[in-house]
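The numbers here are math on the coordinates, done by the rules we state, and not lab data. Values in this document were obtained by computation on a predicted structure and should not be read as measured data. In this analysis, Cβ positions are derived from the backbone assuming ideal geometry, glycine residues included, and neighbour counts consider all displayed protein chains.
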Amino acid sequence: MNGAQDMGGVHGFGPVEPEPNEPVFHAGWEKRAFALTLAMAMPGQWNIDMSRFARENRDPGEYLSMSYYQIWFAALETMLKERDLVSDDETVAGHALREPKPVARILSPGAVAQVLYRGGPTERETNTTPAFKPGDHVRAKNINPRTHTRLPRYVRGHAGTIERVIGFHVFPDSNAQGAGENPQWLYTVCFDGRELWGADGDPTLTVSVDAWEPYLVPA
Amino acid sequence: MTHDHDHHHDHGSELSEMQLRTRALETILLEKGYIEPAAIDVLIETYEKKIGPRNGAQVVAKAWVDPQFRQWLFEDGTAAIGSLGFGGRSGNHLVALENTPSVHNMVVCTLCSCYPWAVLGLPPLWYKSAPYRSRTVADPRSVLADFGVSLPKDTEIRVWDSTAELRYLVVPLRPAGAEGWSEEKLAELVTRDSMIGTGLPKNPEDLA
């Protein structure tokens, strides 16, 4: 979706402000929001791409006014509600008011290290061959789906070069909609800074994105 | 339960509201049997104490002293880094990026906040912020200036936007003046920012 999350090239946000000796979390509730989000991935009611969409799918003004973990927490609440795991009246009451919906599994303390170490690999087996090879000239399609995509606006319509064939990976555009993993060939695609930003762009700049084959056409 | 102190100043009332909301949701999830509180504590402890930039520093220091490891790291980052025990969540597919005297790498996620947790831990606030996400792909030298870093005019700036599940780790240039140092001591020169591309390693003289 063309939402506020797609920030590449947007002006006016001001300087980057590094914080010396920054703590991992800035408030106690951030720790809980973070860990609850990770733990609630375990029941398997959604995938990472659905989570990302739940975070970005909001009014741009609202998105920009929320802190990072406020966005995470709001997305968690949304997904719990959409899947009938927690309802509005329970949120208001601050207590469970009805029987839990059965879930396949929950995260136990003893399993945390193993679950984190397993992570979520997205590469899949295939007997297909990639359409592009390193050095090929390609163009990023001009697409504007209202649903989740990982093709940023600032590269759409622009010409680039395949730098690397990464592998055959889960396609977020499908996976976020519950339409299956629909894996596709994934590439690192390089764009010249001036191709993206015009004649005034930094002549020493090259930017790459990782782009699935359906995002690309030969150029 | 530990008592956590909220010390942000600009959204005081919102933050206490967030405290109430997170607490309420945690209670509901617990009552429904969807979470085990001890698992929540272990997750927090893991990212506060165990998984952080010292992991990545170990990778970089090894790449500085061990040519075979270095070659493996750039050919198959996931396997080479995995051999040191790091991988998994936000690190299943790792790619190491080689800074050279003529090329400087920088990593960003313009669409959210993708970051190599397995080697750097959770991202700092600035990495997730709108200024960094918006400007790095268009005007990286001005971003470097915000970090007090200035590179020669003809250095190629290579920016990697993490739009898939690959996670990138910059291997900075080994600073001069640390000849003969052990891997452990070299790792102390490797800053988190130098592995994102917004900083450089520490000066060996400052570490003596």
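Observations, loosely collected:
- One equal scatterer on each Cα of the range A:1-71, no solvent, Debye formula: the resulting log10 I(q)/I(0) at q = 0.23 Å⁻¹ is -1.21.
- Coarse-grained scattering of the range B:88-140 at q = 0.24 Å⁻¹, given as base-10 log I(q)/I(0) from a Debye sum over alpha-carbon atoms: -1.04
- In this rough spin-label picture, where each label sits 7 Å from Cα along the Cβ direction, the A:LEU64-A:GLU82 distance is 2.4 nm.
- Binned Cα-Cα distance frequencies in the range A:28-118 - 5 Å width, integer %: 2, 12, 21, 23, 23, 13, 5, 1, 0
- Summary value for chain A: 20 percent relative contact order, contacts being C-alpha pairs under 8 angstrom separated by 6+ residues.
- Estimated translational D of the range B:148-202 in µm²/s (Stokes, Kirkwood radius over Cα pairs; 10 °C; 1.306 mPa s): 122 µm²/s
- In this structure the amide hydrogen of A:LEU107, modeled in the peptide plane, comes within under 5 Å of the amide hydrogens of B:GLU36, none closer than 5 places in sequence on its chain.
- With contributions of -39500 (n - 2.57) from each DSSP H run of at least four residues, the per-residue ellipticity at 222 nm computed over chain B stands at -11500 deg cm²/dmol.
- Its alpha carbons give the protein assembly as shown an Rg and a Dmax of 21.6, 66 Å.
- Chain B - Debye-derived log10 I(q)/I(0), Cα point model, q = 0.10, 0.19 Å⁻¹: -0.52, -1.38
- Between the range B:32-109 and the range B:170-195, the C-alpha centres lie 16 angstrom from each other.
- Sequence-ordered 3J(HN,Hα) estimates for the range A:167-184 from the Karplus curve with 6.51, -1.76 and 1.60 and θ = phi - 60° stand at x, 10, 10, 3, 9, x, 4, 7, 4, 5, 9, x, 9, x, 6, 6, x, 9 Hz, glycine and proline given as x.
- In terms of packing, defined here as the mean over residues of other Cβ atoms within 10 angstrom, the peptides A:99-105, A:84-90 line up highest first as A:84-90, A:99-105.
- For the range A:137-218, a Kirkwood radius taken over Cα pairs fed into Stokes-Einstein (20 °C, viscosity 1.002 mPa s) yields D = 162 µm²/s.
- Violating pairs (Cα-Cα greater than 20 angstrom) within the set B:LYS128/B:LYS153; A:LYS31/B:LYS128; A:LYS31/B:LYS50: B:LYS128/B:LYS153
- Using the average count of surrounding beta-carbon atoms within 10 Å as a protection proxy, the listed peptides A:12-24, B:85-97, B:37-49, B:143-155 rank, highest first, as B:85-97, B:37-49, B:143-155, A:12-24.
- Within 10 Å of each Cβ in A:19-26, the average number of Cβ atoms from other chains: 4
- Applying both filters, DSSP loop and at most 16 other Cβ atoms within 10 Å, to the GluC sites (Glu not before Pro) of the range A:114-203 gives A:GLU125, A:GLU181.
- Exercise: per-residue mean of other protein chain Cβ atoms within 10 Å, A:83-96: 3
- Relative packing of peptides A:112-118, B:60-66 - highest average C-beta neighbours within 10 Å first: B:60-66, A:112-118
- Average partner coverage of A:199-209, which counts Cβ from other chains inside 10 Å: 6
- Considering only Cα atoms, the convex hull volume of the range A:1-160 works out to 214 Å³ per residue.
- Sparse-neighbour loop sites [chymotrypsin sites (Phe, Trp or Tyr not before Pro); the range A:139-206; at most 16 other C-beta within 10 Å; DSSP]: none
- Given charges at Cβ of Lys, Arg, Asp, Glu: the range A:1-157 dipole, positive-most of A:MET42, A:GLY14, A:LEU80: A:MET42
- Cysteine residues of the protein assembly as shown whose C-beta has no other cysteine C-beta under 4.7 angstrom: A:CYS190, B:CYS112.
- Evaluating 6.51 cos²θ - 1.76 cosθ + 1.60 at θ = phi - 60° for every residue in the range A:127-142, the Karplus couplings come out as 10, 8, 10, x, 6, 10, 10, x, x, 5, 8, 9, 10, 6, 5, 8 Hz, glycine and proline recorded as x.
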